[in-house]
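Beneath this line is the structure, given in structure tokens, with notes to follow.
The values are calculated or read from the model by the stated rules, or taken from the named source; none is laboratory data. Remember, predicted model here, so these are calculated numbers, not experimental data. Cβ sites come from the backbone with ideal geometry, for glycine too, and all protein chains shown count toward neighbours.
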Amino acid sequence: MSNILVARNINKKVPLGKDNELHILKNVNLEIEEGEFISVMGPSGSGKSTLLYNISSMDRITSGSVEFKGSEISKRNEEELAKMRLKNMGFIFQDINLLKNLSVIDNMMFPALVSKDADKNAVNQKARKLLEMTGIEKLADNNITQGSGGQLQRVGICRALINDPDIIFGDEPTGALDSKATEEIMSILADVNQNGTTVMLVTHDAKVAAKTERILLMKDGNLVAEKKLGKYTAKHDDIKEREESLMKWLVEKGF
Amino acid sequence: MFLKMIKNDFSRKKIITLTVFVFITMAVLLGASATNIVANLVQSMSELQKHAVPADITQMHAGEYNQGEIDQFTEKHREHIEMQETMFLLTLDGRNIHFGNNQTMAGTVQDISFVVQNKKFDFILDLNNEKLDVKEGFVAVPIYFMEQYDLNVGDTIRVKSGEYEKLFVISDYARDFEMNSSLTSSKRFVINQKDYNEMLATEAGELEYLIEFKLHENGDAQAVQTAYIEAGLPANGPTVGGKIFLLFNAMSDAAVGMVIILISILLIIIASLCIRLTFLATMEEDLREIGVMKAIGLSRKDIKNVYLNKYRIMSVAAGIIGYLFSFVLVNLFNGNMRLYLSSDLSGNLKYLLSLLAPLFVYFMIVMYTRKILKRIDKISAVEALRSDILKHEKSRKYSFPLLKNKFLPVHIYMGFRDVGKRSKLYMLLFLIYVVCTFIIILPLNMYNTMNSPEFSTYMGIGKSDMRIDLRRTDTITEDFKKLQEELINDSEIEKYAAYITSSYKVKNAEGSWDYMNIETGDFSVFPLHYLEGRAPVGEGEIALSYANASKDGLNKKVGKEVIVEVGGTEKSLTVSGIYQDITNGGKTAKAHPSLGINEEAILWYIVSLDVAGGADIREKMGYYQNTYDSAQVNDIEEYTKQTLGNIIAVIIAVLITALFLKMLLSKDMSQIAIIKSLGLTSQNVKHQYMAGTLLVLVFGIIFGVLASNYLGEFLVSMAMSTMGAAKIELVSIAWQTWLLCPIALMLVVGYTVSVCCKVTETDDLSVVLRS
């Protein structure tokens, strides 16, 4: 498998007051393979989300380089990066971040309709299929204020999938959900990953991380350790075992 | 604690607060300046009146004159008349007066006369409001001419007429209560009795008379005027009541005051809209705060006070600043008043009267804020904290789905649908744009109207190339005949029509007799636009001016009868039409020549003519020495006013757009970050907001133009109806109204949006997303 994303010696500094700055990411190196399901764990303030946003082009790194599908992206201009996010990347947020004045289906279709040559009928069909797949087809034409947290996060996932991205980034996508909703969301993401889409999550929850293939541990702006659990399939794997093994590792690493 | 909260609120919303503050301050500043001007005007007018003792009735006359008859009349009407004095005027043409470097006053629209100071009343004053006492060899020049020709005390003027020639040194400005204003068409130069006698002896000018009456406090001016004419006393010219001078004197300063008051009211409206906008835009954020305050047990009154106090503090501060600075600003407007009315404007009335402005603005702002805050009453703590619920309740049918958009790029469509989705918010912007367009278009239309050939229609004159006026000379009748003969033989004159205006007795609404100036002639040659009916073309027909036909005049409609006395017999005439006329006090009439002429009461002759193709109108005008006294005298003044209006409108449009976008963008920042995270560029975001704003602007312009074309026309007509033109049709030049103004506004607003949207260009999107 080839790498879809490679980060080399990336640093992120943000100004803190007039003379100080905060060094959030310190010479981080990371490689993500195509089709991988990866999660980043670590204590609050360790730089997990910052890492996700910086390698996904949402934020600009201070130094270092990021290659996406073999080409350097950190020096690209805003327009090129926007185009890349639109075509190749999907994002899922803890706060879901849907557009307020759009209905559920319009929120999903929005990224697809941005391209000038979008076939509106095809986009509509695809969106409805995704809704069906995630079990919220009845919500399609509702206002986003009419859905629960779990339902809306599924809308978020559908939106991330609408342009068939190569990779999906999730910043604590289950952070605000109960255990049942969390399980449902993780099962959808696992299916997405099964279909070949790379997924990278930031999470606090060991149960969530236990369902991912590789877990990275961050501390004080550095990637300090990683654990490979292999692909999880509900049929063949015992989730309890994976969780225990992960917990043990985390305790070992002082988390 | 509350003070701290207010302080925090100020620092959190610096730009918004500052903008609202600036608008409130400007409103106070202008309001206080306007009331200040009015106060000064009232005080200086009464001061000037006290010193000048103007006449209550002034009869102008040229020709035969016998003081004995006047004295007899005065004695007979002692119950009304307190004093009588006749001023002898030596009228000269402007070209007889030389000054500076071989310049003359030729071409002035004013009648120039040389007089000696009166003994009893109607005094001409110096700049200190003292009675002028001009020494031999000196002259006091009317302020109008001092200004017009940039003359100074100590300069000289040379009067040359026939054999007469004399050099006068200007010793004073002549402040003349009766003839100060540029609206009065005569101006009086004051000289010494000896110089006057010399001038008279050499027949340097035409002799005219101002037969003036000062009445007792309860004297009836109308009765004296009627008795005077009935007595057949000299009246070969117009009669003027005392009040008209008051009006003329106050007119230009009162107009300035009115315009400033209007702008001030406009600014109060804009400030109120800004406050409403602030509330609407920050309500979501504030609602949480209100919720917290309610949850920790603050009373409704306390919470309201937090918000109310903010605007109270702002209004008080703005009030003080505006009030104090108004005394500086007012000096810019007072120059005219200082010169024409009173050099000393130190009266106390202005301090009190202009205090009204800050008080008014304060109450308006506080009342308005209270009204907006009413909604706080209706919200419970939980609702306020969970603003989601509020939205839930309000959720309506989903409108403007994305798939409905067939042609536009999705971000442009998003911009348009945002206007529909948040129509309440955009409505304020729309109103501002309407007002701005109105401010630009209305003066433009007025300017175009005044400069259009159709404007003569409001002056009771049919459209013609040229107009020759013959007035008040002994040889007037001969001149008129000569002129007509010459016109018949002049091959360069295509057509002409001669009109004679004389005074007739007309039965008024109460059944008694009034005097009215009626013009007779062929009114079909140069047709006039009639408000109702048509020109008097047949025997026994008369057309009345709007003011004459109105309730204040004869109260006659088309088809009604008017009784006119001609040569001792009463004639019944039918009203054939009503036309607009702002000349001669608005009260004129036109009749078919068959009415006959009141030979003894001929006032003036007018000849209108069209020059044949190829002939030079200017040359003809020069030849016939005519005075076509058009409204274009005011050109430059009108033009500057209009440019000023444009600049104000553009500044308001820019400021409000900037303020609106600043609020909208800070409110939408998280949504913008989401859109950008999905793959849209800052450029797309900019275009989205530009599309929404420009859509609102387009609607604003359309409504603004319609408002200025219709409402503006109505307002102008209302204002002009007191002057005799009830239905002004504003001339709007399509390319200016529909092309130039919209493009200019769109460029300015578009640029403002583009600058404001720079805030969306952030390197790190996650900062907003995660906050």
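List of remarks:
- Residue check for A:Lys75: of a type in the set (D, E, K, R), within 9 Å of chain B (Cβ to nearest Cβ) and out of contact with any helix residue (DSSP H, G or I) (no Cβ under 7 Å at 6 or more places or on another chain): no
- Region B:389-435: number of residues that are assigned to a helix (DSSP H, G or I) and at pLDDT 85 or above: 23
- Considering residues of region B:199-217 that are part of a strand (DSSP E or B) and of a type in the set (A, V, I, L, M) only, the residue surrounded by the fewest Cβ atoms within 10 Å (Cβ to Cβ): B:Leu207
- Matching strands (runs of 3 or more DSSP E) fully within region A:1-75 where at least 2 residues are over 22 Å from A:Gln194 (Cα atoms): A:3-16, A:20-33, A:63-68
- Scanning region B:58-73 turns up one or more residues that are more than 22 Å from B:Leu200 (Cβ to Cβ) and at pLDDT 90 or above.
- Of all residues in region A:24-49 being of a type outside the set (Phe, Trp, Tyr) and in contact with an Asp or Glu (Cβ under 7 Å, 6 or more places away or on another chain), the one that is surrounded by the most Cβ atoms within 10 Å (Cβ to Cβ): A:Ser49
- Contact map, region B:416-430: residues that are away from chain A (no Cβ under 11 Å) paired with residues that are surrounded by fewer than 17 Cβ atoms within 10 Å (Cβ to Cβ) and of a type in the set (Gly, Ala, Ser), Cβ distance under 9 Å, separation 6+ or inter-chain. Pairs shown: B:Tyr426/B:Gly420; B:Phe430/B:Ser423.
- Any pair with Cβ under 6 angstrom, 6 or more apart, that starts in region B:760-771 at a residue that is at the interface with chain A (Cβ under 7 Å from one of its Cβ atoms) and ends at one that is in a loop (DSSP other than H, G, I, E, B): B:Asp763/A:Arg60; B:Asp764/A:Asp59; B:Leu765/A:Met58; B:Ser766/A:Met58; B:Ser766/A:Asp59
- All conditions in (1) surrounded by fewer than 22 Cβ atoms within 10 Å (Cβ to Cβ); (2) closer than 21 Å to A:Leu99 by Cβ hold for A:Asn121, with the sole exception of (2).
- All of (1) surrounded by fewer than 19 Cβ atoms within 10 Å (Cβ to Cβ); (2) in contact with a strand residue (DSSP E or B) (Cβ under 9 Å, 6 or more places away or on another chain); (3) within 14 Å of chain A (Cβ to nearest Cβ) hold for B:Gly679 with one exception: (1).
- Sole residue being surrounded by fewer than 18 Cβ atoms within 10 Å (Cβ to Cβ) and touching a residue at least 60 places away in the same chain (Cβ under 8 Å), chosen from B:Val28, B:Val38, B:Val42, B:Val20: B:Val42
- The residues listed here are B:Ile320, B:Ile303; of these, the one that is in contact (Cβ under 8 Å) with a residue 24 or more places away in the chain, part of a helix (DSSP H, G or I) and closer than 22 Å to B:Ile268 by Cα is B:Ile320.
- Answer from B:Lys187, B:Lys166 - the residue that is part of a strand (DSSP E or B) and either closer than 20 Å to B:Leu210 by Cβ or β-branched (Val, Ile, Thr) (or both): B:Lys187
- Restricting A:Asn124, A:Asn101, A:Asn97 to residues that are within 9 Å of chain B (Cβ to nearest Cβ), free of Cβ contacts under 8 Å to residues at least 12 places away in the same chain and polar (S, T, N, Q) narrows the list to A:Asn101.
- Set B:Gln103, B:Gln59, B:Gln49: member being more than 16 Å from B:Asn180 (Cα to Cα) and not assigned by TED's automatic domain parsing to the domain that holds B:Asn192: B:Gln59
- Residue within region B:733-745 that is touching a strand residue (DSSP E or B) at 6+ places or on another chain (Cβ under 6 Å) and not in a helix (DSSP H, G or I) present: no
- Looking only at residues of region A:78-94 that are surrounded by fewer than 22 Cβ atoms within 10 Å (Cβ to Cβ), at the interface with another protein chain (Cβ under 8 Å from one of its Cβ atoms) and in contact with a Pro (Cβ under 9 Å, 6 or more places away or on another chain), we find that the one that is farthest from A:Gly149 (Cα to Cα) is A:Lys87.
- Filtered residues of region A:31-66 (kept if in contact (Cβ under 8 Å) with a residue 60 or more places away in the chain, away from chain B (no Cβ under 14 Å) and not β-branched (Val, Ile, Thr)): A:Glu33, A:Glu34, A:Gly35, A:Glu36, A:Phe37, A:Ser39, A:Met41, A:Gly42, A:Pro43, A:Ser46
- Entry remark, region B:50-78: residues being in contact with a Gly (Cβ under 8 Å, 6 or more places away or on another chain) and part of a loop (DSSP other than H, G, I, E, B) number 3 in total.
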